[in-house]
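The values are calculated or read from the model by the stated rules, or taken from the named source; none is laboratory data. Every value quoted in this text rests on a predicted model; they were computed, and no experiment measured them. When we count neighbours, we look across all protein chains shown, and the Cβ atoms used for this are built from the backbone with ideal geometry, even at glycine. Ligands, DNA and RNA are stripped out before the accessible areas are found, and what is left, the full protein with its side chains, is counted by its heavy atoms. Shrake-Rupley method; radii C 1.70, N 1.55, O 1.52, S 1.80 Å.
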Amino acid sequence: MKRHHLCVAQFAVWLCSAQLVADEGVFDQYRDLMGDENPAVFIVDEGEELWFMPGGPESTTLEACDLGLGPGITAGAYVRFPRYFADTDAVMDLESRLVYCMTTIQGRDLKTLTAKPYSQRGDFGTEIEALVTWLAAESEGATIAPEQTHAAERAMFNLGEEIFFYRAGPHDFSCATCHEQSGMRIRLQALPDLTSQSGASEAWGSWPAYRISQGLVRTMGWRLRDCFRQQRWPELQMGSEVSVALQTYMAVNAAGGTMAAPGLKR
Amino acid sequence: MKALSKGIIITLLASVVTWTMASDDVEAILQNSFVAKNQATMDRLERDAVQAACSAPRGMPLNNDMLTTLRQERLKAVVLPANSQYLGDWQRGSDVAGNGRGLQSSDDPSKPNGGNCYACHKLAPDEVAYGTLGPSLTGYGARGQSEAMLKYTWTKLWDTHVYNLCSHMPRFGAQGILTEQQLKDVMAYLLDPASPVNKAVE
């Protein structure tokens with residue numbers, strides 16, 4: 001862990017100087033530096049640090065946060081999401097659960113936290129991205145098994161299915177346009193069939209992922225938002241009902257698969 | 001008997017009401033889950049008749065009468081080019097076929113939209129970065145340039161649902177994605193014997 005922190009510090013200094021001559025080559029140099037290792041390891045460490053670091057007006061850590069398995073239990077929590085929480089009477093994805101904990105436990109401001117949940121190219125990752133990445137790593141190798149015992153969780157799956165096939169926008173695109181057939185691709189990009197167990201588990205189990213082309217770790221919430229951008233729809237909001245519903249649809253279809261995140265993608 | 005038919009009518013009405021309510025719910029949920037961004041405005045989440053009819057999950061039975069009516073309506077709405085001038089410039093058509101931008105919140109609305117044909121179709125045989133969601137169109141020009149063929153191809157590009165209701169393909173003319181001139185250029189890219197689409201690779 002110490003070694004990684006040193007690397008992060010060195011890398012930050014080096015990146016800042018490299019950005020003065022800003023060009024795409026910066027990421028090539030970075031990849032050469034990394035070898036076969038997934039750069040997401042840095043973000044995993046950062047997420048762990050954020051969990052145990054006192055923060056917000058309350059100056060408390062997130063250890064009292066209940067991710068569904070009890071306060072502070074992080075191992076194996078990711079693979080049970082999205083799930084129903086009695087304290088909010090809502091089905092939540094991990095991202096919105098983290099926001100809930102940061103506002104209620106640390107006393108942090110909801111608007112500030114949700115104003116920019118996903119980083120943009122050239123930024124350092126956000127806190128939410130780092131925490132989600134670490135929590136995914138805390139479930140690495142675990143079986144994907146989202147909760148479907150509560151009626152609200154089953155309703156969320158049904159809503160997700162309905163939205164998955166909902167065609168709208170100037171191009172008439174739905175999620176299904178690209179993701180209901182196997183073995184297809186857009187240009188050279190392979191498309192997972194999210195209606196099948198194998199396709200859904202491959203996709204659900206490999207996010208969050210480090211995107212080499214962007215130099216950032218991306219979460220499933222970001223992946224969905226960017227899909228809708230390409231669908232020519234307005235912008236999907238983090239933790240919204242549509243986001244949670246689609247994640248539920250995908251996670252339930254993926255049930256039985258193995259969590260392999262954080263992944264490494266193009 | 002009267003009571004029975006009354007019961008059936010009530011049941012039918014109830015099922016229609018339930019279905020409508022579910023649909024309204026989804027629309028409200030969508031409105032609460034998205035925010036307008038640049039040119040991607042919230043009205044894009046409202047569905048027209050084609051979109052609503054084609055949003056059924058895979059395997060759901062569709063109403064054949066409704067589909068036939070819808071197809072006829074779509075055919076009536078197709079706008080053919082004046083004086084049967086279907087063919088533009090295949091070189092400009094090539095640019096339209098390769099351009100994936102247009103109408104996304106991240107796109108510059110002052111620039112022309114692309115047709116992004118290569119996202120889903122194989123066209124010129126020497127372009128290897130093609131998608132496979134649609135059929136290969138390599139050698140499409142072998143079909144010739146009869147009036148019927150020109151009209152068919154134009155209609156397919158204008159509104160795919162005329163021939164293949166609930167096809168995944170966008171309605172490039174009907175939805176105003178491409179201009180009439182761009183459509184003519186894509187027509188030439190598909191049908192002109194000089195277009196790379198119709199040239200064998202050496």
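Neighbouring Cβ atoms from other chains, within 10 Å of the Cβ of residues in B:164-175, number 3 on average. With a 10 Å cut-off around each Cβ of B:55-64, the average count of Cβ atoms from other chains is 3.
Per the accessible-area calculation with a 1.4 Å probe, the total area buried between chain B and chain A rounds to 3900 Å². Within the listed set B:LYS156, B:LYS184, B:LYS76, the Gaussian network model of chain B (springs between alpha-carbon atoms below 10 Å) gives the highest mean-square fluctuation for B:LYS76.
Based on a Kirkwood Rh over C-alpha pairs, give the Stokes-Einstein translational diffusion coefficient of chain B at 20 °C and viscosity 1.002 mPa s in µm²/s.
The diffusion coefficient I find is 110 µm²/s.
Cut-off under 20 Å on the C-alpha distance; same-chain residues fewer than 8 positions from B:LYS184 excluded. Which aspartates and glutamates are left, in chain and number order? Once the sequence-local aspartates and glutamates are set aside, what remains near B:LYS184 is B:ASP89, B:ASP95, B:GLU147, B:ASP159, B:ASP192. Take each residue of peptide B:104-111, count the partner chain Cβ atoms within 10 Å of its Cβ, and average: the result is 3.
Any idea what the dipole of the stretch B:82-198 comes to, in debye rounded to 20, about its Cα centre with Lys/Arg Cβ at +1 and Asp/Glu Cβ at -1?
Working: 9 positive and 11 negative charges, 52 e Å.
Taking the Cα centre of the stretch B:82-198 as origin, the dipole is about 240 debye.
Across the stretch B:143-157, computed HN-Hα scalar couplings (Karplus, 6.51 cos²θ - 1.76 cosθ + 1.60, θ = phi - 60°) run 6, x, 10, 5, 3, 5, 5, 4, 5, 4, 5, 4, 5, 4, 6 Hz from first to last residue, x flagging Gly and Pro.
Around the amide H of A:PHE173, modelled in the peptide plane, lie the amide H atoms of A:ALA168, all under 5 Å away and 5 or more residues distant in sequence or on another chain. Using θ = phi - 60° in the Karplus curve 6.51 cos²θ - 1.76 cosθ + 1.60, the 3J(HN,Hα) couplings for the stretch A:135-149 round to 5, 5, 4, 5, 10, 4, x, 7, 7, 5, 8, x, 5, 9, 8 Hz; x is entered for Gly and Pro. In the context of the full set of protein chains, residues of the protein assembly as shown present 48 Å² of accessible surface per residue (probe radius 1.4 Å, heavy atoms only). Between the stretch B:36-60 and the stretch B:169-202, the alpha-carbon centres lie 26 Å apart. Computed from phi, the 3J(HN,Hα) profile of the stretch B:121-135 under the Karplus parametrisation 6.51, -1.76, 1.60 (θ = phi - 60°) reads 10, 7, 10, 4, x, 8, 8, 8, 8, 10, x, 10, 5, x, x Hz, with x in place of Gly and Pro. Taking A:PRO170, A:PRO39, A:PRO54 as the candidate residues, the one with maximal mean-square fluctuation in a Gaussian network model of chain A, Cα springs under 10 Å, is A:PRO170. I want to verify a result. In a Gaussian network model of chain A, Cα cutoff 10 Å, which of these has the top mean-square fluctuation: A:LEU69, A:LEU94, A:LEU246? Comparing A:LEU69, A:LEU94, A:LEU246 in the GNM, the peak value goes to A:LEU69. When the C-alpha to C-alpha distance is required to be over 25 Å, the pairs from B:LYS37/B:LYS76; B:LYS156/B:LYS199; B:LYS37/B:LYS156; B:LYS76/B:LYS151 that qualify are B:LYS37/B:LYS76; B:LYS37/B:LYS156. Working from label points 7 Å from Cα in the Cα-to-Cβ sense, the A:SER198 to A:ASP89 distance is 4.4 nm.
Less than 5 angstrom separates the built amide H of A:ARG83 from those of A:MET92, all sequence-distant by 5 or more or on a different chain. For the pair B:ALA36 and B:SER146, label points projected 7 Å from Cα toward Cβ lie 4.9 nm apart. Across the stretch B:82-198, the mean sequence separation of Cα contacts (distance under 8 Å, 6 or more residues apart), normalised by length, yields a relative contact order of 36 percent.
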